[in-house]
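Here's the structure we're looking at; comments come further down.
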Amino acid sequence: EPEVTQTPSHQVTQMGQEVILRCVPISNHLYFYWYRQILGQKVEFLVSFYNNEISEKSEIFDDQFSVERPDGSNFTLKIRSTKLEDSAMYFCASSHRTGGNEKLFFGSGTQLSVL
Amino acid sequence: AQTVTQSQPEMSVQEAETVTLSCTYDTSESNYYLFWYKQPPSRQMILVIRQEAYKQQNATENRFSVNFQKAAKSFSLKISDSQLGDTAMYFCAFMIGPAGGTSYGKLTFGQGTILTVHP
């Protein structure tokens, strides 16, 4: 069964450093998302992306965040200058809407630890 | 804005028994979708079941079924014949339908319910 793949599974960085989280969505999917989950809290929407543009972003997704689909397979989330509060599990998700059969498939996540 | 509430932070059940997890939501939309996701200790998000708001029939997937009460804005998950592998955090989630424009496809999650299945 096709899967959403995320790398790395764990990322440790120093405060103020830039990180790039990588995702390979399911190959025939057109809609891409990033979510995050701070330990012990609920999963929160960050951003949605379609046709090489951001469709919607949450208030969490400030100027420090950016997304990109640099080629036909990867979908990346960049945090320019990490803060302690960016420590969280980051999930990539993708979907392919056919006849309203909307389902999001999630990757296994990248655990980001900012020290 | 949509909200999703799971009022049970933790639940436990004996193996082979049945358990029901509660979820309520608030929306002014008429067309939307509801989901239950399972998050085991590995923290992967696994889709358990999906319900379209326009369908009166409750969705079922093997041992998992929902009780969807649209008027009450309630969406509970029933797990029958519980197994040890069902131990996980369960999240209820809401998605607005196509009329939501760019919000279509965006999930709003509840706080989660930790389910423990005891042998």
Subject >> Average partner coverage of A:37-49, which counts Cβ from other chains inside 10 Å >> reply: 4
Original post:
If you place +1 on the Cβ of every Lys and Arg, -1 on the Cβ of every Asp and Glu, and leave all else neutral, what size is the dipole of segment B:3-118 about its Cα centre, to the nearest 20 Debye?
Top reply: 300
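Counting only other chains, and only Cβ atoms inside 10 Å, what mean value do you get across the residues of B:39-46? Walk me through the numbers before you get to the answer.
Details: counts 6, 0, 0, 2, 8, 8, 13, 3.
Shielding by partners across B:39-46 averages 5.
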Subject >> Heavy-atom accessible surface that B and A bury in contact, both chains counted, 1.4 Å, Å² to 100 >> reply: 2000
Original post:
Who wins for biggest fluctuation among B:T102, B:T24, B:T87 in a Gaussian network model of chain B, springs between alpha carbons below 10 Å?
Top reply: B:T102
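Once you average over the residues of B:90-103, how many Cβ atoms of partner chains fall within 10 Å of each Cβ? It would help to have the intermediate numbers written out before the result.
Values: counts 0, 3, 1, 3, 0, 4, 1, 2, 3, 0, 1, 2, 7, 4.
If you average over the peptide's residues, the count of other-chain Cβ atoms is 2.
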Original post:
How far apart, in nm, are the 7 Å Cα→Cβ label points at B:K78 and B:S12?
Top reply: 2.5
Subject >> Inter-centroid distance (Cα atoms) of segment A:32-55 relative to segment B:87-108, Å >> reply: 11
Original post:
What trypsin sites (Lys or Arg not before Pro) in segment B:44-89 are in a loop by DSSP, with at most 15 other Cβ atoms within 10 Å of the Cβ?
Top reply: B:K55, B:R63, B:K70
Subject >> Length-normalised contact order of segment B:46-119 in % [C-alpha pairs under 8 Å, at least 6 apart] >> reply: 22
**OP:** Using the charge dipole of chain A (Lys, Arg: +1 at Cβ; Asp, Glu: -1 at Cβ; taken about the Cα centre), state which of A:S66, A:A93, A:V4 has its Cα farthest towards the positive end.
**Re:** A:V4
Original post:
Rounded to a whole number, what % of the accessible area of chain A do carbon and sulfur atoms account for, probe 1.4 Å?
Top reply: 45
Original post:
In segment A:1-92, which trypsin sites (Lys or Arg not before Pro) fall in coil by DSSP and have 11 or fewer other Cβ atoms within 10 Å?
Top reply: A:K83
Original post:
What spacing in nm lies between the two simple spin-label points modelled at A:L39 and A:K78, each 7 Å away from Cα in the Cβ direction?
Top reply: 2.9
Subject >> Partners for A:K83 among aspartates and glutamates (Cα-Cα distance below 12 Å; same-chain residues under 8 apart left out) >> reply: A:E18
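The values are calculated or read from the model by the stated rules, or taken from the named source; none is laboratory data. Predicted model, so just to flag it, every value in this text is computed and none were measured. Here the Cβ is made from the backbone with ideal geometry for all residues, glycine too, and neighbour counts use every protein chain on show. The accessibility values were calculated without ligands, DNA or RNA, using every heavy atom of the protein model including side chains. Shrake-Rupley method; radii C 1.70, N 1.55, O 1.52, S 1.80 Å.
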